[in-house]
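Notes follow once the structure below has been shown.
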Amino acid sequence: QVHLVESGGGLVQAGGSLRLSCAASGGTNGYYVMAWFRQPPGKEREFVASTSNNGNTYYPDSVKGRFTGSRDNAKNTAYLQMNSLKPEDTAVYYCAARHNSMSYFWYEYMYWGQGTQVTVSS
């Protein structure tokens, strides 16, 4: 059982930056993918970034070049650096984890954090 705790959300002006953290505990031995999803108000949850144990990262076009996912395996912590934020990035951001291969689909992730609100003002 993997337990995830996110931190780092908040209110920022357009063009600003935020860094989210996700600390994992329990059952973190072995290969697993840590990912970030977001859910804007009234919309479905969408993939934002993922990072595997060996550092491979994946992003959708909507955030590519602005967001950077990383992880510190020694600390069992994943990070999401968000730069050049836009009002449309406003959402609840979730950290998720799954064993083995990466997936773009939120329903294929077994472990979830509680979510953290990111609000970007124009």
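The values are calculated or read from the model by the stated rules, or taken from the named source; none is laboratory data. Source: prediction; values computed, not measured. So basically every Cβ, Gly included, is an ideal-geometry build from the backbone, and we count neighbours across all protein chains shown. For accessibility, only protein heavy atoms count, side chains too; no ligands or nucleic acids. Shrake-Rupley method; radii C 1.70, N 1.55, O 1.52, S 1.80 Å.
Results, tabulated for the structure shown:
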item: Percentage relative contact order, the range 68-117, counting C-alpha pairs under 8 Å, at least six apart; result: 30 percent
item: Enclosed volume per residue, in Å³, of the convex hull spanned by Cα atoms of the range 56-122; result: 111 Å³
item: Loop-resident sites, the range 39-76, for trypsin sites (Lys or Arg not before Pro), counting at most 14 other Cβ within 10 Å (DSSP); result: LYS43, LYS64, LYS75
item: Accessible-area composition of the chain, carbon plus sulfur, in percent [1.4 Å probe]; result: 48 percent
item: 5 angstrom amide H check on LYS86, placed H, neighbours 5+ away; result: GLY15
item: Residues of the chain: accessible area per residue with a 1.4 Å probe, Å²; result: 51 Å²
item: Bins of 5 Å from zero: percent of alpha-carbon pairs in the range 1-121; result: 2, 13, 25, 27, 19, 10, 4, 1
item: Phi-based couplings in Hz for the range 93-98 (Karplus 6.51, -1.76, 1.60; Gly and Pro marked x); result: 9, 10, 9, 9, 9, 8
item: At R0 = 41 Å, FRET efficiency that the Cβ-Cβ distance of ASN54 and SER122 yields, to 0.05; result: 0.60
item: In the range 19-122, the chymotrypsin sites (Phe, Trp or Tyr not before Pro) that fall in loop regions by DSSP, at most 16 other Cβ within 10 Å; result: TYR31, TYR104, PHE105
